[in-house]
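These notes concern the structure reproduced below.
The values are calculated or read from the model by the stated rules, or taken from the named source; none is laboratory data. Values in this document were obtained by computation on a predicted structure and should not be read as measured data. Using ideal geometry, Cβ is built from the backbone for each residue, glycine included, and neighbour counts are taken over all protein chains shown.
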Amino acid sequence: MRDHYDVIVIGGSAAGLSAALILGRSRRSVLVVDSGEPRNARAAGAHNYLGHEGIAPAELSRIGRDEVAAYGVEVTAGRVVAASATSGDGIDPIGFAVTLDSGAVVSARRVVVASGAVDVLPEVPGLAEQWGRGVVHCPFCHGWEIRDQRIGVLVTTPNGAHHAMMFRALSDRVTAFVTDTALMDDTELAGLAARGIAVVTGPVAAVLSEGDRLTGVRLGSGSFVELDALATASRPEARVDFLSRLGLAATDQLMGDHRYATALTVDASGQTAVRGVYAAGNVAAPMATVIASAAAGTQTGAAVHGDLVQADLAAALTGVGAGVA
Ligand SMILES: Cc1cc2nc3c(=O)[nH]c(=O)nc-3n(C[C@H](O)[C@H](O)[C@H](O)COP(=O)(O)OP(=O)(O)OC[C@H]3O[C@@H](n4cnc5c(N)ncnc54)[C@H](O)[C@@H]3O)c2cc1C
């Protein structure tokens, strides 16, 4: 690891490695710092990634790391704990210092934040243990694998009726567990009935498993409902604690009054409110799939390269950048 790079990418999964790939191919010096916890780590396969349909998440990352290494990108295992602005490197007036959990401090002209999100789950005993396996959130990611099965939909947000309908398209054995009747109006309940979705109201006390296999849910009343899979909404929260010294924080993403996620705000190029700090993937777009996150990483990497090209030109015109390659 050197002391200084053109770009430090924080997070080495779909978005971060895609940004690193286009930057490496543009002959930028790039360091990717990755703590190895992609959001979909618990899933057996990543679906809807054309060319790699169903690939294990860890395998996609391994391929990506090999691909970026071929263009001189360095990938290091570690966690970024802080990032702050510097006065640049004498050629470029914009610069950043990034501190890793090892204590190492590395500087760069630009930063790409691709640290993803953490899913906050409904607090039901036994649910977290099955996350990404028997408990799923996304009909596009897991729906095909549980088609025609007994699917429960745990409704904890105002979007629950739509969520149940999405899974009804995959199986005719769907039960909606409506934990709070305020979450669903009569029209939505009539819609569920019209589509043959059973409705159980009241609290769900626990998600039950035998070994690795989800077997069903125990209701607040004590009765047991047998299931093959349980769907529920998570709340993805952007991983951005390490950006506080830069004054960057995630903001609430709202659907009506409902806070469904938090995310960094970026413009179309991936630029955050701090000049020179970019973001791509779930950290800025919590609903983005793997391929959409990879695409955002590519676009953002291209924008960062364009930004550096302009900075190199400005330096050359003022004479300070005579040595810029
Ligand atoms: C259970 C589950 C299953 C899913 N299945 C699918 C699917 O089948 N198909 C699909 O398209 N989408 C799926 N998704 C969505 C998918 O996970 C995201 O679209 C994708 O992971 C976003 O990529 P990303 O690069 O933005 O973030 P991530 O993949 O989450 O990667 C972020 C990386 O940054 C690292 N990081 C975080 N903080 C730091 C730090 N401070 N320092 C250094 N590194 C850091 C993390 O360790 C991680 O490696 C699924 C999501 C879940 C929860």
Discussion item. Taking the conditions exactly as written (within 30 Å of the chain's Cα centre (by Cα) and of a type in the set (S, T, N, Q)), does Thr201 satisfy them or not?
Written reply: no
Discussion item. Step by step: first the residues of the stretch 72-94, then only those that are within 22 Å of the chain's Cα centre (by Cα) and under 16 Å from Gly276 (Cα atoms), then the one that is surrounded by the fewest Cβ atoms within 10 Å (Cβ to Cβ). Which residue is that?
Written reply: Ala82
Response to the item:
Screening Ala97, Ala128 for residues that are aliphatic (A, V, I, L, M), surrounded by fewer than 16 Cβ atoms within 10 Å (Cβ to Cβ) and free of Cβ contacts under 8 Å to residues at least 24 places away in the same chain leaves only Ala128
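Kindly indicate whether Gly36 is in contact (Cβ under 8 Å) with a residue 12 or more places away in the chain, more than 13 Å from the ligand (Cβ to nearest atom) and in contact with a helix residue (DSSP H, G or I) (Cβ under 9 Å, 6 or more places away or on another chain). Steps first, please.
On the way: in contact (Cβ under 8 Å) with a residue 12 or more places away in the chain: yes; more than 13 Å from the ligand (Cβ to nearest atom): no; in contact with a helix residue (DSSP H, G or I) (Cβ under 9 Å, 6 or more places away or on another chain): yes.
No; evaluated as a whole, the condition is false for this residue.
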Worksheet item: Which ones in the stretch 124-136 are within 23 Å of Asn48 (Cα to Cα) and touching a strand residue (DSSP E or B) at 6+ places or on another chain (Cβ under 6 Å)?
Response: Gln130, Gly134, Val135, Val136
Worksheet item: Taking the stretch 103-120 as the search range and keeping residues that are assigned to a loop (DSSP other than H, G, I, E, B) and surrounded by fewer than 18 Cβ atoms within 10 Å (Cβ to Cβ), which one is farthest from the ligand (Cβ to nearest atom)?
Response: Gly103
Fill in: Residues of the stretch 46-61 satisfying the condition of being surrounded by 15 or more Cβ atoms within 10 Å (Cβ to Cβ), near the ligand (Cβ under 9 Å from one of its atoms) and either under 19 Å from His137 (Cα atoms) or at pLDDT below 95 (or both)
Ala46, His47, Asn48, Tyr49, Pro57
